[in-house]
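This is the structure, below, for whatever I ask next.
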Amino acid sequence: MKKYLAIITMQLINNIAYPGDFLGRSISIGIFLFIFAGLWGTTFRIAGTDSINGLTFANMMWYLMMAETIELGRPRTNRIISEQVKNGEVAYILNKPYNFLMYHFSFGVGDSLLRVAMNIGVGLLAAWLLAGPPPSLLGWGMALVTLIGAWILHFCMMALIGLAAFLVEETNSFELIYQKFVFVLGGMLLPLDMFPEWLQGIARALPFPYMMYTPARLFVKPDVELFWQMLGVQWLWVIALVFLLAIAYRGSERVLTVNGG
């Protein structure tokens, strides 16, 4: 594992060298929350209520803060793999004494750690100013635990899309489709609590809510029973997608055509 820890460390050092880049991206969370504070504030006033489907205005702001933190902190593994296939760098990496997928996993962890930390810092400040104090420590704890599984699920999906580059090279269209599923069925912009029952049932049968909705929902409305239920389903999806990713990698190696270099 030392070589993978070295990759994580190297990527962290590289990112620390350019803090302005990460801070600039993180500022978008503040802008996002400011816009949605106006939209949801108007919605609650028009509805004439302090709570919609069990969520208050403050709940919505903190939910969106956590959801946006996850979205901006997720790995963009598919773009990296696609670029490596296009320029021929993938041949160099495949010949190295480490697993190709574990290399990208370690690279993604190193890339995300600082990004998530800065996103939480900026988002915490913005949400606190707009909606008041943050949720309880129990909510923080549940969110951080489920955030690990959510990140792994995101990585698996991004890596699966990235492996498609071994066959088609360009994967942006696949990422766009995946992103829209996460936005809608994953609860990125709207918690599943706001959906009709039939749509909630469909969403919960898919992996997308466990990438976004689970950490954000438990963050604002911690519930021990719901936590264990969601955590169990989340890790079942992790096991399934890791298994699928391993199979896809073995198959994609046989169809790889290296360009460039």
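Throughout, read-outs are computed from the coordinates displayed, never taken from laboratory work. These numbers were taken from a predicted model, which means no experiment stands behind them. Here the Cβ positions follow ideal geometry from the backbone for every residue, glycine too, while neighbour counts run over all protein chains shown.
Take every Cα pair under 8 Å in the chain that's 6+ residues apart, average their separations, divide by the length, and report that relative contact order as a whole percent. Let's see the in-between values first.
On the way: 317 pairs, mean separation 76.0, N = 261.
Relative CO of the chain lands at 29 percent.
Give me the net charge of Gly139's neighbourhood, meaning all other residues with Cβ under 14 Å from the Cβ of Gly139; Lys, Arg count +1, Asp, Glu -1. Present the calculation step by step, with values, prior to reporting the outcome.
On the way: positive: Arg217, Lys221; negative: Asp223.
Here the count lands on +1.
Separate question: Okay, which of the stretch 127-146 sit inside 19 Å, backbone N to the point 7 Å along the Cα-Cβ direction of Ile27?
127-130
Moving on to the next point. Note down the relative contact order for the stretch 32-145 as a percent, whole number, built from C-alpha pairs under 8 angstrom at least six residues apart. Before the final figure, lay out each step's value.
Values: 64 pairs, mean separation 41.8, N = 114.
Taking the mean separation of contacting Cα pairs over the length of the stretch 32-145, I get 37 percent.
What angle do you read, to the nearest 10 degrees and between 0 and 90, between the alpha-carbon axis of helix 19-47 and the longest principal axis of the chain?
30 degrees
Compactness ratio of the stretch 133-261: Cα Rg over 2.2 N^0.38 Å, N = residue count?
Details: Rg = 16.8 Å, N = 129, 2.2 N^0.38 = 13.9 Å.
Output field value: 1.20.
In addition: By how many degrees, 0 to 90 and rounded to 10, does the Cα axis of helix 224-255 deviate from the longest principal axis of the chain?
It is inclined by approximately 20 degrees.
Next question, about the same structure. What does the convex hull of the Cα atoms of the stretch 1-148 come to per residue, in Å³, rounded to a whole number? Present the calculation step by step, with values, prior to reporting the outcome.
Values: hull volume 20.8 nm³, N = 148.
Here the figure is 140 Å³ per residue.
Below 13 angstrom from the Cβ of Tyr63, what's the summed charge of the other residues (Lys, Arg +1; Asp, Glu -1)?
Values: positive: Arg217, Lys221; negative: Glu68, Glu71, Asp193.
Neighbour charge sum, excluding Tyr63 itself: -1.
Run the quick spin-label model on Trp198 and Met10: label points 7 Å from Cα toward the beta carbon, then report their separation in nm to one decimal.
5.3 nm
Give me the one-decimal nm value for the distance between modelled label points at Trp128 and Val168, 7 Å along each residue's Cα-to-Cβ direction.
Spacing of the two 7 Å Cα→Cβ label points: 4.5 nm.
What is the set of long-range amide H partners of Leu55 at a cut-off below 5 Å, with H atoms built 1.01 Å from backbone N?
none
Sorted from largest to smallest, which semi-axis lengths in Å does the alpha carbon gyration tensor of the stretch 2-255 give for its equivalent ellipsoid, taking the root of 5 times each eigenvalue?
Details: eigenvalues 222, 85, 53 Å².
Whole-Å semi-axes of the equivalent ellipsoid: 33, 21, 16.
If you fit an axis through the alpha-carbon atoms of helix 100-131 and take the longest principal axis of the Cα set of the chain, what angle between them do you get, 0 to 90°, nearest 10?
Here the helix axis deviates by roughly 20 degrees.
Which of Gly121, Gly186, Gly38 moves the most in a Gaussian network model of the chain with Cα springs under 10 Å?
Answer for the Gaussian network model of the chain: Gly38.
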